[in-house]
Amino acid sequence: MTVNDTDLSIELLIDNEEEMVAFGRQLAEVTAGHAIVYLEGNLGAGKTTLSRGILQHMGHKGAVKSPTYTLVEPYTVNGRQAYHFDLYRLADPEELEFIGGRDYFEEESLCLIEWPCKGKGVLPEADLWVTLDYNLPGRKASVKAGTEKGQEMLRNLQGLQES
Ligand code: ADP
Ligand code: MG
């Protein structure tokens, strides 16, 4: 088999908010363990909705709000640690150091990172790279892998899509 995994990417049409949450459930399943997930896309593209789907599937019961001013929101759910970042207001990637950025990435945690472009140079490489775009009235998503571990996650995600 000669599948070129580095080129593997998954494209999805996501018609409504409910489906975005369901897509989050699939992402939660394939990222069990330590994973760095970049969530790219414009304001309103659905990054926080997707994060909510992921966190709720892990077992988080409350609301999930984008940590626009605090930059990061920690979650401990069923013994699993997750960090939800929104770097939109980060003026300089080095600021991440002040909020203890590197410590988050080194733990056995799931890191969901909105606006990863703002943390360029300081953020670790993404295992999974999710890009959301408008496809009105819904959205579309494209998922790529940035690491070998991410490629495995992407193949598992593809399996979930086909099942
Ligand atoms: P972001 O974090 O990218 O700024 P949000 O997750 O806050 O975006 O979503 C913005 C709006 O888009 C919300 O009102 C949400 O309900 C809606 N939304 C999310 N996903 C979809 C979708 N797949 N189709 C239609 N609307 C969606
Ligand atoms: Mg958001």
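The values are calculated or read from the model by the stated rules, or taken from the named source; none is laboratory data. Owing to the predicted nature of the structure, the values given are computational and were not obtained by experimental measurement. No Cβ is skipped: glycine too gets one built from the backbone with ideal geometry, and neighbour counts run over all protein chains shown. Protein only, heavy atoms only, side chains kept; ligands, DNA and RNA dropped before computing areas. Shrake-Rupley method; radii C 1.70, N 1.55, O 1.52, S 1.80 Å.
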Inside region 29-56, the number of residues satisfying the requirement of being among the aliphatic types (A, V, I, L, M) and at pLDDT below 95 is 1
| request: Could you tell me whether region 43-51 includes any residue that is within 14 Å of residue 132 (Cβ to Cβ), within 15 Å of ligand 2 (Cβ to nearest atom) and open to solvent by 70 Å² or more (accessible area, probe 1.4 Å)? | output: yes
Q.
Considering only region 57-78, I want to know if a residue exists there that is surrounded by 18 or more Cβ atoms within 10 Å (Cβ to Cβ), closer than 21 Å to residue 145 by Cα and at pLDDT 95 or above.
A. no
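Would it be correct to say that residue 91 is of a type in the set (A, V, I, L, M) and at pLDDT 95 or above? Lay out the reasoning, then the answer.
Working: of a type in the set (A, V, I, L, M): yes; at pLDDT 95 or above: no.
For residue 91, the condition - of a type in the set (A, V, I, L, M) and at pLDDT 95 or above - is not met.
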Among 96, 160, 90, 154, the single one that is in contact with a Lys or Arg (Cβ under 8 Å, 6 or more places away or on another chain) and within 27 Å of residue 19 (Cα to Cα) is 154
Scanning region 79-89 for residues that are open to solvent by less than 80 Å² (accessible area, probe 1.4 Å) and within 16 Å of ligand 2 (Cβ to nearest atom) gives 82, 83, 84, 85, 86, 87
The one condition residue 61 fails out of (1) more than 10 Å from ligand 2 (Cβ to nearest atom); (2) over 12 Å from the mean Cα position of the chain (by Cα); (3) under 18 Å from residue 109 (Cβ atoms) is (3)
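Which members of region 37-47 meet the condition of being closer than 24 Å to residue 102 by Cβ and within 12 Å of ligand 1 (Cβ to nearest atom)? I'd like the intermediate steps shown before the answer.
Of region 37-47, the ones closer than 24 Å to residue 102 by Cβ are 37-40, 47.
Residues satisfying the conditions are 39, 40, 47.
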Only one of 140, 118 is within 23 Å of residue 21 (Cα to Cα) and open to solvent by 20 Å² or more (accessible area, probe 1.4 Å), namely 140
Looking across region 121-137 at residues that are surrounded by 14 or more Cβ atoms within 10 Å (Cβ to Cβ) and under 17 Å from residue 91 (Cβ atoms), the single one that is nearest to ligand 2 (Cβ to nearest atom) is 123
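Sort through 92, 15 and tell me the only one that's away from ligand 2 (no atom under 15 Å from the Cβ), of a type in the set (D, E, K, R) and in contact with a strand residue (DSSP E or B) (Cβ under 6 Å, 6 or more places away or on another chain). It would help to see each step written out before you state the result.
Working: 92 fails: in contact with a strand residue (DSSP E or B) (Cβ under 6 Å, 6 or more places away or on another chain).
That would be 15, the only listed residue that is away from ligand 2 (no atom under 15 Å from the Cβ), of a type in the set (D, E, K, R) and in contact with a strand residue (DSSP E or B) (Cβ under 6 Å, 6 or more places away or on another chain).
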**Message:** Among the residues of region 22-36, are any within 26 Å of residue 163 (Cα to Cα), acidic (Asp, Glu), surrounded by fewer than 22 Cβ atoms within 10 Å (Cβ to Cβ) and within 10 Å of ligand 1 (Cβ to nearest atom)?
**Reply:** no
Filter region 22-58 for residues that are among the hydroxyl-bearing types (Ser, Thr, Tyr) and closer than 18 Å to residue 139 by Cβ; the one that is nearest to the chain's Cα centre (by Cα) is 38
task: Might you let me know whether region 52-69 holds any residue that is within 16 Å of ligand 1 (Cβ to nearest atom) and on the phi > 0 side of the Ramachandran plot?
output: no
